[in-house]
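Input: a single structure, listed below in structure tokens.
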Amino acid sequence: MDLGSVIQIWLAALFTVWIYSIAFRDNVFFKFAEHTFVGAAAGHNIVYAVDNIRRYGWTPFTQGATLYLVVFLLGLILYTRYHSKYFWLSRFPLAIMVGIGIGLSMRATVTAEFIAQIISTASLQLVGVDAWTAFSNLIFIIIVVSVVYFFVFTFPGLHGGGRAVIPKIARYGMMAAFGYAFANTVLSRFQMIFGRLDFLMSSWLPLPGAMMVLPIVLILLIYAMIPAEKRPWPKSS
Amino acid sequence: MREKRGFWSRLEDIPREVLYGLLLIAFIIPMIKPIGFPVPVSPETQKWYDTIDKLPAGSVIMIDFGYSGGGEPELGPMAVAVYHHIFKRGGLKAIAMSTSIEGPLLWDKAMAEVNPSQYGAQYGVDYIHIGYIAGTETAMAAVGKDLRATTSTDYKGNPLDQYPIMEGIKDASSFDLLIVFTTGGDQSEGWVRQWVTPYKTPYLCSVLAMMKPTMLPYQKAGQIIALTSGAQAGEMEYLVKVPARGIKSADVMTLTHLLIVVYVIVGNIAYYGKKYSGG
Amino acid sequence: MSLLIRRQIPIALVFITALLIMMDYFLKLPPLDARGVSWTSPVVKDLQNWGVILTAFALGFGAVNLFILHSRHISRRTVKQWPFSVWLLLMIILFTVVGVSYGATSPEYSWLYNSSYFALSATVYSSLGFYMTSGIYRALRARNVDAVILLVTGGIALLKNAPAVAVNAPFVVSIDSWLNAIPTTSAMRGIMISAALGAIALGIRTMTGKETGFLGRLTEAEKGG
């Protein structure tokens, strides 16, 4: 393995251990890793902003699409939002972005998330199928209608009295869904933890010296977790 | 003076370090000593596999490499397994783009893992990456309407015209299948709105397990052919016969999930024990 | 005049842009070209490509905000913070310089990304798994019917997500499949339909100037308008 890859693994491993340390106590190593993360994220965004402007704007512009000059100007105007006097200029490019966003989402939302979902619900069969399927389909339809009622019909009085049963069914349906979502969230997070631990155990620890450095890293972390006034040195971090 | 706390109260307030420590042990033990639990293949993973397997030769696939580094441990193995399948199956053209800003670099990482040359696949002939395109749904709509008007270069900045794979590729209608790996709801749902609805492109979607519930209605309505989570990578690896990180995680997931069930049960016992014993 | 330029024109721009995109989707407005394509099609195509570039410009907002915030920390020498602020700004500069000068997909930038940002991002998101564990132990209580439903469905799904359980106890998979296909999907569909109605309403309100969040801070005169 070349030196570049070795250094890369060491850095990635140390950052991984330092970030996990916050689960136990706040410490200076975590803060260092955290600030590295935020800085890197912002820097990465700039890099890809430049890349996109270059590839999707500058390239066509140099090939004769002169109208892109207007877009560049609008893009720069976005940053007037930081100016106390001329901040309103940024509303023009923002208006175009918002307009595009609304147009794109509204045109398809109607079909994909409203009509298609209603058609799919309405096409569920209650007769001509076995009893269990009919029962399941009935439950499905009742929950869909109840949940829509729960969120849309929120006028005073519509969730009380005899009608209170509808939001109650909706709540039960949603609780079942949230329970399922919760279990899946556990799965997701644990897959992520596994990914990092697997990296540490398969890529870092087999490297020469890593097994010896690991206890030192952990001791330093534990030391850094001791409140400043209780540790002999340094008194403040 | 320190108040004396009962057993149930102490059980309910176990320090978090103990909970985390036990969890870490449940993670590490099967990693050091693999147990080799089997991986069950679910119908949806099988359906995903069959969809790619049954594509006619010469079919063109659009792949959105739309996950972030945070989701890589889960979606990375899935994406790698699917690429293995595409190359193993052969005769397919895989054109990737990214709606996630980390996509191109993660694609490089995945390709290094897949090693397409072992299947005789060549960059620009069998597969390509056209880059990260900002704007999420705007990017999807733009590429769907006219790919060449949106970008004329691949992710390295080389002209698309020089690659044989791009011959005849104009817009969404040039694609026979859409595969999305994403950590963002905007992306997974956006593709339904911008490609599936207007162009009727068949859609295979792989998201983080925690996002799966929100995508289920689309699947039920037939807008998604098969919906999987990255956590099902082991199943895909088993079908493609390329065991890797997904299968390796099966032991760990079993032990850690059982531990969580134990936590829920013990937590509730402690709660009710404290309630009925007065502390 | 000022109100017209500062408030009404941006709202009109939103309206026109959104309307053009929707018209292109639903209608085939004449005049059509030789291939039968409406005039709106190339206009919308350009607009979408403009949108991509404008979004790319907006990607720099995060860095600008961080520069403003952390420059303040540095100039005020905020205790226990300013050295980290210096480091954060250095990281922004380092990433930008390497990425822009060598290229966003160059081996140099890729090395930098993999050794820091990728490792950090993957770890930060996964660390939430630990907090969740402690939350599960302390907060998931069968206090009422709602919580019991959540616990039972969650518990079954947790067992199903353990591969060894799924293989050895097929009934868990059957129950999970039903929970997934019926209550979860139906509740999510109800939420989706409701959210779609909300999104459409919000879209119409923004297009007609009733919702002005995107305008940012408003002066008193603008609020009145």
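Data overview
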item: Degrees, to the nearest 10: B:16-32 long Cα axis against longest axis of chain B; result: 50 degrees
item: Normalised convex hull volume, segment A:125-203, alpha-carbon set, Å³ per residue; result: 148 Å³
item: Label-point separation in nm, A:Phe72 to B:Gln122, each point 7 Å along Cα→Cβ; result: 3.7 nm
item: Distance between modelled label sites at A:Ile216 and C:Ile68, nm, 7 Å Cα→Cβ extension; result: 4.4 nm
item: Under 14 Å, Cβ to Cβ, from B:Leu147 - net charge with Lys/Arg +1 and Asp/Glu -1; result: 0
item: Principal semi-axes in Å for segment C:61-139 [√(5λ), Cα gyration tensor, largest first]; result: 28, 23, 10
item: For chain A, the spread of Cα positions along each principal axis, largest first, Å; result: 72, 57, 43
item: Separation between Cα centres of segment C:162-182 and segment B:1-39, rounded to whole Å; result: 26 Å
item: Equivalent ellipsoid dimensions for segment C:127-225 as semi-axes, Å, which come from the Cα gyration tensor, largest first; result: 43, 19, 13
item: Calculated FRET value between B:Lys275 and A:Arg163, using beta carbons and R₀ = 41 Å, to 0.05; result: 0.75
item: Cα convex hull of the protein assembly as shown, projected area averaged across orientations, nm²; result: 38.7 nm²
item: Globularity index of segment C:1-59, i.e. its alpha-carbon radius of gyration over 2.2 N^0.38 Å; result: 1.39
item: Segment C:82-144 versus segment B:178-240: alpha-carbon centroid distance in Å; result: 26 Å
item: Kirkwood hydrodynamic radius of chain C, Cα pairs, Å; result: 24.5 Å
item: Size of segment B:31-128 as Cα extents on the principal axes (Å, biggest first); result: 42, 31, 25
item: Segment C:98-175: equivalent-ellipsoid semi-axes (sqrt of 5 x gyration tensor eigenvalues, Cα, Å); result: 42, 18, 10
item: Two-site FRET efficiency, C:Val145 against B:Lys200, from Cβ-Cβ distance with R₀ of 60 Å, rounded to 0.05; result: 0.90
item: Net charge over other residues, Cβ less than 11 angstrom from the Cβ of C:Asn180 (K, R count +1; D, E count -1); result: +1
item: Kyte-Doolittle mean at least 0.0, axial Cα span of 27 Å or more - DSSP H helices of chain A; result: A:28-52, A:131-152, A:165-199
item: 30 Å Cα-Cα threshold exceeded, pairs from B:Lys248/B:Lys274; B:Lys54/B:Lys212; B:Lys88/B:Lys156; A:Lys31/C:Lys160; B:Lys220/C:Lys45; B:Lys93/C:Lys45; result: B:Lys248/B:Lys274; A:Lys31/C:Lys160; B:Lys220/C:Lys45
item: Cα convex hull of segment B:43-243, projected area averaged across orientations, nm²; result: 9.6 nm²
item: Spin-label model distance (nm) - A:Arg25 vs C:Trp39, 7 Å beyond Cα toward Cβ; result: 7.3 nm
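FYI, it's all coordinate maths here, none of it is from the lab. Computed from a predicted structure; not experimentally measured. With ideal geometry, Cβ positions are generated from the backbone for all residues, glycine too; neighbour counts draw on all protein chains shown.
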